[in-house]
């Protein structure tokens, strides 16, 4: 990554990683599995940054969808999502 790309990724990471991590932790999975889902989700989102989510879809919602594709179960997230909305 160039320094500009690194700076952009840092901004992206700081904006979304903590919130996404909190949602992943609500799934109560093994730490290694949780870490892999976070890493893979952020990597995919960064690679797809030229293809943003739908205009009316919040970024965190899009990231959660990617996390589910990476293996994040949805059932444990429902109470946490309701608290956030």
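The values are calculated or read from the model by the stated rules, or taken from the named source; none is laboratory data. Since we're looking at a predicted model, the values are computed, not measured. Cβ sites come from the backbone with ideal geometry, for glycine too, and all protein chains shown count toward neighbours.
When restricted to residues that are under 23 Å from residue 75 (Cβ atoms), modelled with pLDDT of 90 or more and surrounded by 11 or more Cβ atoms within 10 Å (Cβ to Cβ), the range 28-57 contains 13. Looking across the range 1-48, the residues that are farther than 17 Å from residue 70 by Cβ and either in contact with a strand residue (DSSP E or B) (Cβ under 9 Å, 6 or more places away or on another chain) or in a loop (DSSP other than H, G, I, E, B) (or both) come down to 1, 2.
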